[in-house]
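Colleague: Starting off with a structure, shown below.
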Amino acid sequence: MEKQNFNNKTNDTEEKKKLKKKYNNKNHSVISTFFKLLLHGVIFYFSASYLITNTFSWGKKFPNWRRYIPRKELTFTEKELAEYDGTDPSKPIYLSCKGNVYDVTKGAHFYGPGAGYHLFAGRDSSRALATGCLTDEKHWTHDLRGLDENQLSIIDSWDKFWKNNNQYFYVGKLIYDPIDPNTEPPEDCEIAKKAKKRLQENKEFGKDPSLSNLIGSFM
């Protein structure tokens, strides 16, 4: 009798082990299936987004978190700023507009060596942006003497572009070399002269007086 009871207890224990194992296997299967479905859903989501919008975020733009990180404002001389023109891959790419220095490293395909806008990197482009005289080195200066209201508004527009762009962020100020007040400001190049002439014609005929559009048509 005692032996029979022992055998019964042994059988009960074996049954419990089998049931427990079956239960664990079932739970494991459910969890495994859940994560497989979740993974497939994530892959489908990002794949569909890229196919439709050519982005992985359905075309949504996210704020540049680097703007909100408290950081010490840097200062640069024109010589120091020139070191951040993208030719040294270990350094970020900086540019300046109105004396405001921006980090445009995220746009290296625009501002890096060999790129179309590399000429803006490592220096202040205020006057050149206003006049459109990008091939005249005399206009690559912070000297804004002689510029009219429309030209100054172009500089403001570019400064706002770099300031508000999600890829770029403000890093500090450019300390300008002093301008000799006895010297003449840079003379307008042909692009600037044509733009001003067209601007005057547009005003006379009541057309859009946007100088930035006119300069773009000659560049």
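The values are calculated or read from the model by the stated rules, or taken from the named source; none is laboratory data. Everything numeric in this text was worked out from a predicted model, so none of it was measured. As a convention, Cβ positions derive from the backbone with ideal geometry for all residues, glycine included, and neighbour counts pool all protein chains shown.
Colleague: Can we say Lys138 is at pLDDT 90 or above and more than 23 Å from Asn165 (Cα to Cα)?
Modeller: yes
Colleague: Which of the following residues is in contact with a helix residue (DSSP H, G or I) (Cβ under 8 Å, 6 or more places away or on another chain), at pLDDT 90 or above, buried (at least 18 other Cβ atoms within 10 Å of the Cβ) and at positive phi: Gly122, Gly112?
Modeller: Answer to the selection: Gly122.
Colleague: Also: Output the residue which, of all residues in segment 122-161 that are assigned to a loop (DSSP other than H, G, I, E, B) and under 19 Å from the mean Cα position of the chain (by Cα), is nearest to Lys194 (Cα to Cα).
Modeller: So, considering only residues that are assigned to a loop (DSSP other than H, G, I, E, B) and under 19 Å from the mean Cα position of the chain (by Cα), the one nearest to Lys194 (Cα to Cα) is Ser125.
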